[in-house]
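Novice: Pasting a structure here, questions to come.
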Amino acid sequence: MNSKFYLLTFIFVIYNILIYALSKIFALSILFYLPLVIYLIAMIAYFFANKKKDIKEADEFSVPINSFDKKNSEVEVSRFSFEDIAGLEEIKDDFNDIIDFLNNEQKYTSMGAKIPRGAILYGPPGTGKTILAKAIAGEAKANFIYASGSEFVEKYVGVGAKRVRSLFERAKKEAPSIVFIDEIDALGGKRNSESNNEKDQTLNQLLVELDGFNNVQNVVVIAATNRIDLLDEALLRPGRFDRKIYVGNPNYNSRLKILEVHTKNKPLDKKINLSDIANKTHGFSGAQLANIANEAALKAIRDKNKKILQENFEFAIEKIAAGLEIKNPTVSKKEKQTVAYHEAGHAVAAKVLNIDKIQKISIIPRDKALGYVMKFPIEDKYLYTKNELYNRITVFLAGRAAEEIFVGEISSGASNDLKESTNLVYEMICNYGMSQNLENFYIDEQLFKYFVEPIKLEASELIKKLYKNSIALLEANKDVTEYIAQYLMKYECIDSYKLEEIFDQFKYETQTN
């Protein structure tokens, strides 16, 4: 626009110079001056139009356009219901009174009952917090209004607070409604000496709006976060968010139901055992299970199968758990040998200590890993004894122990094992009170600085002790470890059935620390 304007100006300047020069020689008609008059009028109009635009842009910068007005806000009538969500039965039951209140308000107000004004869903990613909130809105036949906590984060004072006000004004207009604030920790994190004025203003406005809901009976706020410990205490008090509900990874029964939901409209082979798949996906989130069902279908299409086979699901589980298989990897014979003994060490330790069921061992590289052992717990567990945790650390360290015994030197391949074992050791000492010198102490981040040296000393001693246990365990089972490593060198993979055959050929004793 500006370049065209400057070009036009240049042409008119040349034109005026020519008119002026010619007027000194000839008597020109007034019509020759008409383009000059038009140009001057256009310049004046252009000036005022740009001035008005600058004022508008400046106004928008200082007071942003309402991002939650009727035109831009994400308001929808949810198409989800509780039938679309497998598992989470206890959580769905807990929300029934809120749903009933939104549908039958008079029944509760006549008894003087007050419905919880808000609920926080917290837990790891992919566990279904967002779809649960949508299902609640669908069951209540209420409008669903979505907002992300990061949308309120601004560096300009007053902007975030204005957006919070706009969101809640919108919710009241659309009542009955469910306001869902995802990633609320971005908006409602703990305040400290480093907090800035804008962040505090935004959080304070949220607190004010939540308090103002006491007179609004048909609006409920649901928030979601992965880390409830990061939220400000003022946000969590009763009257604002009355319910705090943990949404964790599903147990066996819930995994089975989730798989049934996500395979309902898929052509499954009769031999597929969803119960077996549910067993093998311990620790998987609902989102991961949905992804497995989809990946299995895609694999069946690529293989030109008319139905989804069991091996398609096995492929999908392995892809989600271990990553994408690398075709034609450039791994040297020495590295392949090291990885084979490393994974054999993990497998033997897990079998001897009887803590996990091994599904597969592979030395085919996937993502960054040159090899892996796929295993799942023998049963769903929620509590672990001290000895069981010792056994888990011993299995983590058994990979490196096998390298030292059979290869003669250790490699960098144990980095993730060391990370997991170190984290577990520190959890035992600081969180579980399973320390020799600091027994029954709970040491959080604030207290950690006072116990740094004793914690480091005990963690080091415990790692050394359990690493020696790994060495002793593999020394006592050298034959089977050697056989598994050599088998891996030749065939690259061992499934659970072949592994059981191998262990049946060798004598070993199940043991615990």
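Novice: Out of (1) loosely packed, with under 11 Cβ neighbours inside 10 Å; (2) under 30 Å from L230 (Cβ atoms); (3) not aromatic (F, W, Y), what's the single condition that is false for Q436?
Specialist: (2)
Novice: Could you look through region 114-136, keep only residues that are touching a residue at least 60 places away in the same chain (Cβ under 8 Å) and assigned to a helix (DSSP H, G or I), and pick out the one that is surrounded by the most Cβ atoms within 10 Å (Cβ to Cβ)?
Specialist: Among them, the one singled out is I136.
Novice: Would a scan of region 434-445 turn up a residue that is closer than 22 Å to Q359 by Cα, assigned to a loop (DSSP other than H, G, I, E, B), touching a Ser or Thr at 6+ places or on another chain (Cβ under 8 Å) and not β-branched (V, I, T)?
Specialist: The answer is no, given that none of the residues of region 434-445 is closer than 22 Å to Q359 by Cα, assigned to a loop (DSSP other than H, G, I, E, B), touching a Ser or Thr at 6+ places or on another chain (Cβ under 8 Å) and not β-branched (V, I, T).
Novice: Let me ask something else about it. I'm told K327 meets every condition in (1) under 24 Å from K490 (Cβ atoms); (2) within 33 Å of the chain's Cα centre (by Cα); (3) among the basic types (K, R); (4) at pLDDT 90 or above except one. Can you identify the failing condition by its number?
Specialist: All conditions are met except number (4).
Novice: Further, regarding this structure: Looking at region 467-488, I want the residues that are more than 20 Å from V339 (Cβ to Cβ) and have a partner that is crowded, with 19+ Cβ neighbours inside 10 Å and at pLDDT 95 or above with Cβ atoms under 7 Å, at least 6 apart or on another chain. Which pairs are those?
Specialist: The qualifying pairs are N469/T394.
Novice: Of all residues in region 447-463, count the ones that are surrounded by 11 or more Cβ atoms within 10 Å (Cβ to Cβ), modelled with pLDDT of 90 or more and part of a helix (DSSP H, G or I).
Specialist: Count: 10.
Novice: Which ones in region 352-379 are touching a His at 6+ places or on another chain (Cβ under 7 Å) and hydrophobic (A, V, I, L, M, F, W, C)?
Specialist: Correct list: V373, F376.
Novice: Only one residue in A300, A287 is within 23 Å of the chain's Cα centre (by Cα) and small (G, A, S), so which one is that?
Specialist: One residue alone meets the criteria, A287.
Here's the yes/no breakdown for (1) modelled with pLDDT of 90 or more; (2) in contact with an Asp or Glu (Cβ under 6 Å, 6 or more places away or on another chain); (3) within 20 Å of G371 (Cβ to Cβ):
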| site | (1), (2), (3) |
| --- | --- |
| L466 | yes, no, no |
| Q486 | yes, no, yes |
| E492 | yes, no, yes |
| Q505 | no, no, no |
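Novice: Okay, next question. Is it the case that some residue within region 255-271 is touching a strand residue (DSSP E or B) at 6+ places or on another chain (Cβ under 8 Å), at pLDDT 85 or above and loosely packed, with under 15 Cβ neighbours inside 10 Å?
Specialist: yes
The values are calculated or read from the model by the stated rules, or taken from the named source; none is laboratory data. For clarity, every value in this text was computed on a predicted model and none was experimentally measured. Don't worry about glycine lacking a Cβ; one is built from the backbone with ideal geometry, like all the others, and counts go over all protein chains shown.
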